[in-house]
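*Asks:* Dropping a structure here in structure tokens format, bear with me for questions.
The values are calculated or read from the model by the stated rules, or taken from the named source; none is laboratory data. All values reported here derive from a predicted model rather than from experimental measurement. As a convention, Cβ positions derive from the backbone with ideal geometry for all residues, glycine included, and neighbour counts pool all protein chains shown.
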Amino acid sequence: MPVNQEFKPTIVAFCCNWCSYAGADLSGTNRLQYPANVKIIRIPCSCRLNPMFVLRAFQRGADGVILCGCHPGDCHYTTGNYYARRRMTLLFSLLDYLGIEKERTRVEWVSAAEGAKFAATMNDFCQTIYNLGPNRRLEDLRCKSE
Amino acid sequence: MKIWKLDRLQDLFAALAGERTLYIPADVAGQAKFTPWEPGMEMTKALNTNRSAKDLFFPQVEDLAAFKITGRQIQVEDNREDVEDFVIFGVRACDARSFSILDKVFLEEPADTYYKNRRDHATVMTLACSRPEATCFCTALGIDPQAPGGDVSCWVEGENLYLQANTQKGEALLEKLPAMEEGEKPQGDASVFDRLPLKDVDFSVFSEKALLHWFNSPVWEELSRSCLGCGSCTFVCPTCQCYDVKDFDTGTKVKRFRCWDSCMYSDFTMMAHGTNRPTQKERFRQRFMHKLVYYPNNHDGEIGCVGCGRCLRKCPISMNIVKVAKALKEGSV
Amino acid sequence: MQERVIEKAAQLLESGLCSRVLGWKKGEFFYDVTPGVFTTAQEVRNEMVFTPFCGANLSKYLIAESRKEGKVAAFLKPCDTYSFVQLQKEHRIRRENVYAVGVQCEGMCDLDSLTALNLTGITGAEGLGENLKVFTLYGEETLSRKDALSLRCNDCKSKKLLDCDEILGESGEEQDSHRFDQVEALEAMTAEERFAFWRRELSKCIRCNACRNVCPACSCEKCVFDNPNSGVENKAAADPFEENLFHIIRAFHVAGRCTDCGECTRVCPQHIPLHLLNRKLIKDMNQLYGTYQAGADFETKPPMLDFTQEDPEPSIITNGRDSG
Amino acid sequence: MNKEPLIPMVAVVTDIRTDTPDVKTFRVVGLDGKKPFEHIPGQCAMLSMPGVGEALFSITSSPTNEDYLEFSIKKCGCVTSWLHAIEPGQQITLRGPYGNGFPVDTDFAGKDLVFIAGGIGLAPLRSVINYVRHYRARYGAVDIVYGARSKEDLVDYEEILEEWCREEGITVHLTIDNPQPEWDGHVGFVPNYVKELSFDTGKTVVMCGPPVMIKFTLAGLEELGFQREQIYTTFELKMKCALGKCGRCNIGDKYVCKDGPVFRLDQMAVLPDEY
């Protein structure tokens, strides 16, 4: 990336259909601002997030990946987010172990009513990633050229 | 024959690396590997590199072309360029023979230009063996490890490195080096090669009987039974040359690349309607039939193996071409 | 022990209790032992061995062998029995078709561990007990078996023989191993250092898939990496990303099912310490969700198929363990 | 630098004809609107859509057609499904021709020919049949036995009825696997039909179809007294390079892409039954 061009981090947010996806909607209707470079991907439940999806997002140019799901105890399918919690904890730990900046990954529980929390979370995460700089350690060079 | 003092080997490397990239077998991350030489880089103590020298001509992955797709239109980008001249130092006789085996596949018309490009720009400096491994059996395949061939042959004897050009390319290379003393190499002790445990493996039998005799041998079932279907043997083999062609969509264009493939893999011959080699037995058989029968049938009886012994050391379950050759011979009696 | 193994195998075949024996078959040299299936006592007496080089874990072969006609006798070392139990837990082995003979193990050696002792031209070895006499093209040397142990056997986690129909020798106890030391050493490094370490190691990967194909936990009928529609490369280390992806996903897929048998590292032709990935996950799961050993029993629920409401949040990782 | 055989040229699909529910015929020309290359009947070409895949198809059109190449393609895998979804005007990539082709000007010359095809197996034979029709005087009597699962699955049905059936010296024998209300022709499998037709054993046979059809038809022909030397067939296996280098389409020591795809059956006798 040329130096004179300001770094605009690409954020991929995987959002559960039953909570944070609606939370994102709500933050929109309430005209709360969060950066446009947050790309939201709707998933049916936070536990649908295959670790492969996280890695794919980084491969395809994400600088940060965040998973938003229902608060523990509130899963539409009763227990999905508990499994997601364990999986993401382990995945993030493994990524950290491989030397990939742990700040690039995050899980937040955001309900459908928490439009403000959604916007705040995204703003905060974007700032974190902005401070970290572009993803270099988990990039696919073939996708970066030209 | 020219003489270079071994204690000044780094100077030789510096001179060779002066105008081109020089690859030497060096230890990288605990593995002997052909590596671009940098000042101070030492040769490995290992007899041979972990992977074979074919990597330098036929890398595991290489881009073939790119395609830009706009709507229904396709634009082909041919990004081939002449590679720069390079020298490989320290190729053993087995790997040097493997180049000629690969040549017969890749340079046969229509020649593979990616491979040819690298072959054309490479000068191969071989190094004679004096301390073979017990897994070496190049002599059983008619290779003389003490006359390793290539563009320049080298020998280590006492405190000297002896160099002899075998081709015009080799002569041109030596001419560019600082002036060297001329002399004759003293006769080394070659008796260790007579003690090699696998020196008598018989590869001549395979030309004596028909293809179907070997193909239908009852021993394949048993030999292949514990095969894991991984590709270690294929990927460390200096003569395995099968490849796959794949596309990768980068988001802006499609890159077509080729990568090593292994006939041991279940998807090797998989088509939409199925595969003609459905079990590991057929895949296993294909690999060894190719080396022992098919390749020789198509190339004047030359066996598609150079006896480097890498598969003997690397197979997770220690099944290898020596065991196969012996079992086939015994199974046919 | 070798004599007892051979005698037992021959006896099982002769008595008709089993129609096949899964064991180790001798090779050209002392050290190139191949897993093999024997059907006659004569074959067993001629070709079967149990030497310090029988490292291969035989339990994965039971997936296919236990589905065949008749009963198969399998000789299993302690670490093999962990895989054996784990595979049963996953309903991959038909237990009723297996006669498991546990064989106590003194630790296994391999060619790499001998090479690491600067031995070259190894033509053979002798010795089934504490000492190993190694013959090379350039002389012979006697060494202690302990010094020539495979990497993984230095960190032996258990000498227990689980779920066997019969035991040769005695079942042992869990060992006080130091298997997480290296993981801890890596954890103590900075992210930059860890990144450099893993790049150096994983960049050696040639995607031969030996680690996957040998792994008893990788027993899927069709691996995700062999699915052309998954969009992942199954044989080309086309980019550093692909190398990372493969090993991260593989470690993740076997999380909670990996018994830490160490086969992945043993078979890697490029000597990548793959067990360090699996051990990291085992260590994490032990710390976060309670100690669990895959394959140790039939009852305990694997951590990745379980949860508690009090599980720590992922922020324990991303914010650091202290602040989380 | 020399031309690299693995790098394809760009071509355009100008016309798509739906032959059967799962077979379409694609007309392909170069970017200049002309026929991309010359070929021999029985030869193949590599068609590809970058990002989808590359696959080998036999050229269905006759070399005597000077304007374009045609490929009859059955929908069965990744590339073929993509092809079935495109519309005229779509560009694809193309390289070839590959393989040996049928010995139309040597072994076939002056002979009575029997073509036996099953299903999409007509595709490679259509090229030969139309070549033979074009140079009618060079060949003897022509018999065409063609079978498919149903009437709807007969590829090029119109062409067969309108042109082949009406031509002098050509006898067409159609058959379908199961009876159908609007079908008054022969019903039954190809191998049995061939036996029923009991051809003169002096004829040369050219065969293409599913492996099981080949196997049984061959047995039937041998029963009738045909020699393997009189029978030709064409194969297809998984290919990546089509140049004899990628190493996967071999039957024994012969590469289908380079030494085939056309084989005389006596040549197959010394090769493994691995196809």
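*Asks:* Can you name the helices (runs of 4 or more DSSP H) wholly within the range C:96-209 that have at least 2 residues being aromatic (Phe, Trp, Tyr) and within 14 Å of chain A (Cβ to nearest Cβ)?
*Replies:* Passing ranges, in order: C:191-202.
*Asks:* In this structure, does D:Gly99 turn out to be free of Cβ contacts under 8 Å to residues at least 24 places away in the same chain, crowded, with 16+ Cβ neighbours inside 10 Å and not acidic (Asp, Glu)?
*Replies:* It is false that D:Gly99 is free of Cβ contacts under 8 Å to residues at least 24 places away in the same chain, crowded, with 16+ Cβ neighbours inside 10 Å and not acidic (Asp, Glu).
*Asks:* Among the numbered criteria (1) surrounded by 22 or more Cβ atoms within 10 Å (Cβ to Cβ); (2) of a type in the set (Val, Ile, Thr); (3) farther than 20 Å from C:Ser158 by Cβ, which one does C:Thr308 miss?
*Replies:* Among (1) surrounded by 22 or more Cβ atoms within 10 Å (Cβ to Cβ); (2) of a type in the set (Val, Ile, Thr); (3) farther than 20 Å from C:Ser158 by Cβ, the lone unmet condition for C:Thr308 is (1).
*Asks:* Still on this structure, please answer the following. Mind counting the residues in the range D:70-82 that are surrounded by 17 or more Cβ atoms within 10 Å (Cβ to Cβ), out of contact with any helix residue (DSSP H, G or I) (no Cβ under 8 Å at 6 or more places or on another chain) and farther than 13 Å from D:Asn130 by Cβ?
*Replies:* Residues flagged as surrounded by 17 or more Cβ atoms within 10 Å (Cβ to Cβ), out of contact with any helix residue (DSSP H, G or I) (no Cβ under 8 Å at 6 or more places or on another chain) and farther than 13 Å from D:Asn130 by Cβ within the range D:70-82 amount to 3.
*Asks:* Shifting gears a bit: Can D:Thr106 be described as more than 24 Å from D:Arg248 (Cβ to Cβ) and of a type in the set (Ser, Thr, Tyr)?
*Replies:* When the stated conditions are applied, D:Thr106 passes them.
*Asks:* Given (1) in a loop (DSSP other than H, G, I, E, B); (2) closer than 27 Å to C:Leu276 by Cα; (3) touching a Lys or Arg at 6+ places or on another chain (Cβ under 8 Å), identify the lone condition not met by A:Gly61.
*Replies:* (2)
*Asks:* Please state which one of C:Asp284, C:Asp306 is touching a Lys or Arg at 6+ places or on another chain (Cβ under 9 Å) and either away from chain B (no Cβ under 14 Å) or not acidic (Asp, Glu) (or both). Steps first, answer last, please.
*Replies:* Working: C:Asp284 fails: touching a Lys or Arg at 6+ places or on another chain (Cβ under 9 Å).
It is C:Asp306.
*Asks:* Out of C:Leu151, C:Leu143, C:Leu119, C:Leu132, I need the residue that is surrounded by 23 or more Cβ atoms within 10 Å (Cβ to Cβ), among the aliphatic types (A, V, I, L, M) and not assigned by TED's automatic domain parsing to the domain that holds C:Glu28. Which one?
*Replies:* Going through C:Leu151, C:Leu143, C:Leu119, C:Leu132 in turn, just one is surrounded by 23 or more Cβ atoms within 10 Å (Cβ to Cβ), among the aliphatic types (A, V, I, L, M) and not assigned by TED's automatic domain parsing to the domain that holds C:Glu28: C:Leu132.
*Asks:* Quick check on my filter: what residues within the range A:17-58 are surrounded by 20 or more Cβ atoms within 10 Å (Cβ to Cβ) and over 24 Å from A:Ala113 (Cβ atoms)?
*Replies:* Selection gives A:Pro51, A:Val54, A:Leu55, A:Ala57, A:Phe58.
*Asks:* Please identify the pairs in which a residue from the range D:236-249 that is facing chain B (nearest Cβ under 7 Å) has its Cβ atom under 6 Å from the Cβ atom of a residue that is among the polar types (S, T, N, Q) and assigned to a loop (DSSP other than H, G, I, E, B), counting only partners at least 6 apart or on another chain.
*Replies:* Correct list of pairs: D:Lys238/B:Thr269; D:Arg248/B:Thr269.
*Asks:* Mind listing just one residue for me: the one in the range D:34-53 that is surrounded by fewer than 21 Cβ atoms within 10 Å (Cβ to Cβ) and in contact (Cβ under 8 Å) with a residue 12 or more places away in the chain and, of those, nearest to the chain's Cα centre (by Cα)?
*Replies:* The first filter runs over the range D:34-53 and keeps only residues surrounded by fewer than 21 Cβ atoms within 10 Å (Cβ to Cβ), leaving D:34-35, D:37-38, D:40, D:51-53.
From what's left, in contact (Cβ under 8 Å) with a residue 12 or more places away in the chain: D:34-35, D:37-38, D:40, D:52-53.
Working: D:Lys34: 23, D:Lys35: 19, D:Phe37: 18, D:Glu38: 17, D:Ile40: 12, D:Val52: 24, D:Gly53: 21 Å.
So the residue we want is D:Ile40.
*Asks:* Shifting gears a bit: Anything in the range B:131-146 that is away from every other protein chain (no Cβ under 11 Å) and either outside any helix (DSSP H, G or I) or surrounded by fewer than 20 Cβ atoms within 10 Å (Cβ to Cβ) (or both)? List them, or say none.
*Replies:* Selection gives B:Leu141, B:Gly142, B:Ile143, B:Asp144, B:Pro145, B:Gln146.
*Asks:* Run C:Arg257 past the list (1) more than 18 Å from the chain's Cα centre (by Cα); (2) within 24 Å of C:Gln88 (Cα to Cα); (3) of a type in the set (Lys, Arg) and report the number of the one that doesn't hold.
*Replies:* Exception for C:Arg257: condition (1).
*Asks:* Please state which one of D:Met213, D:Met239 is at pLDDT 90 or above, buried (at least 21 other Cβ atoms within 10 Å of the Cβ) and part of a helix (DSSP H, G or I).
*Replies:* D:Met213
*Asks:* Out of the range B:179-208, which residues are under 15 Å from B:Met289 (Cα atoms) and either at pLDDT below 90 or assigned to a helix (DSSP H, G or I) (or both)?
*Replies:* B:Ser204, B:Val205, B:Phe206, B:Ser207
*Asks:* Looking at (1) part of a helix (DSSP H, G or I); (2) over 17 Å from the mean Cα position of the chain (by Cα); (3) more than 12 Å from chain C (Cβ to nearest Cβ), find the lone condition where A:Tyr82 falls short.
*Replies:* Result: A:Tyr82 passes all but (3).
*Asks:* Name every residue in the range C:18-76 that is part of a loop (DSSP other than H, G, I, E, B), farther than 21 Å from C:Glu166 by Cα and within 12 Å of chain B (Cβ to nearest Cβ), in order of residue number.
*Replies:* C:Lys26, C:Gly27, C:Glu28, C:Phe29, C:Phe30, C:Tyr31, C:Asp32, C:Val33, C:Phe53, C:Lys68, listed by residue number.
*Asks:* Taking the condition of being under 20 Å from D:Asp200 (Cβ atoms), acidic (Asp, Glu) and at pLDDT 90 or above, how many residues in the range D:141-182 meet it?
*Replies:* Result for the range D:141-182: 1.
*Asks:* Please verify whether the range A:109-129 includes one or more residues that are out of contact with any His (no Cβ under 8 Å at 6 or more places or on another chain), under 25 Å from C:Gly290 (Cα atoms) and either more than 7 Å from chain C (Cβ to nearest Cβ) or of a type outside the set (Gly, Ala, Ser) (or both).
*Replies:* no
*Asks:* Quick test of your reading of the structure: B:Tyr115 fulfils all but one of (1) closer than 25 Å to D:Met1 by Cβ; (2) more than 13 Å from every other protein chain (Cβ to nearest Cβ); (3) among the hydroxyl-bearing types (Ser, Thr, Tyr). Name the failing condition by number.
*Replies:* Going through (1) closer than 25 Å to D:Met1 by Cβ; (2) more than 13 Å from every other protein chain (Cβ to nearest Cβ); (3) among the hydroxyl-bearing types (Ser, Thr, Tyr) one by one, B:Tyr115 breaks only (2).
*Asks:* Here is a check on your reading of the model: is C:Cys261 touching a residue at least 12 places away in the same chain (Cβ under 8 Å), farther than 19 Å from C:Ile206 by Cα, within 14 Å of chain B (Cβ to nearest Cβ) and surrounded by 17 or more Cβ atoms within 10 Å (Cβ to Cβ)?
*Replies:* On the way: touching a residue at least 12 places away in the same chain (Cβ under 8 Å): yes; farther than 19 Å from C:Ile206 by Cα: yes; within 14 Å of chain B (Cβ to nearest Cβ): yes; surrounded by 17 or more Cβ atoms within 10 Å (Cβ to Cβ): yes.
So C:Cys261 fits the description; yes.
*Asks:* Is it the case that C:Phe195 is without any contact (Cβ under 8 Å) to a residue 60 or more places away in the chain, out of contact with any strand residue (DSSP E or B) (no Cβ under 8 Å at 6 or more places or on another chain) and among the hydrophobic types (A, V, I, L, M, F, W, C)?
*Replies:* yes
*Asks:* On the given criteria, is B:Leu102 within 7 Å of another protein chain (Cβ to nearest Cβ), of a type outside the set (Val, Ile, Thr) and over 30 Å from C:Leu114 (Cβ atoms)?
*Replies:* Criteria not met by B:Leu102.
*Asks:* If you don't mind, there's one more thing I want to ask. Does the range C:215-233 contain at least one residue that is among the hydrophobic types (A, V, I, L, M, F, W, C), in a helix (DSSP H, G or I), in contact (Cβ under 8 Å) with a residue 60 or more places away in the chain and within 12 Å of chain B (Cβ to nearest Cβ)? Lay out the reasoning, then the answer.
*Replies:* Just the residues of the range C:215-233 that are among the hydrophobic types (A, V, I, L, M, F, W, C), to begin with: C:215, C:217-218, C:220, C:223-225, C:232.
Of the ones still in play, those that are also in a helix (DSSP H, G or I) are C:224-225.
When the remaining residues are screened for being in contact (Cβ under 8 Å) with a residue 60 or more places away in the chain, the result is none.
No, the conditions are met nowhere in the range C:215-233.
*Asks:* So, one more: Out of the residues in the range B:64-99 meeting the condition of being within 30 Å of B:Phe13 (Cα to Cα) and touching a Lys or Arg at 6+ places or on another chain (Cβ under 8 Å), tell me which one is nearest to the other protein chains (Cβ to nearest Cβ).
*Replies:* B:Val83
*Asks:* Consider only pairs whose beta carbons are under 8 Å apart and that are at least six residues apart or on different chains; among these, list those whose first residue lies in the range A:86-106 and is part of a loop (DSSP other than H, G, I, E, B) and whose second residue is surrounded by fewer than 24 Cβ atoms within 10 Å (Cβ to Cβ) and of a type in the set (Asp, Glu).
*Replies:* If the second residue must be surrounded by fewer than 24 Cβ atoms within 10 Å (Cβ to Cβ) and of a type in the set (Asp, Glu), the pairs left are A:Gly99/C:Glu192; A:Gly99/C:Glu193.
*Asks:* Which condition breaks for C:Ala251 when tested against (1) closer than 20 Å to C:Arg152 by Cα; (2) without any contact (Cβ under 8 Å) to a residue 60 or more places away in the chain; (3) within 14 Å of chain A (Cβ to nearest Cβ); (4) not in a helix (DSSP H, G or I)?
*Replies:* (4)
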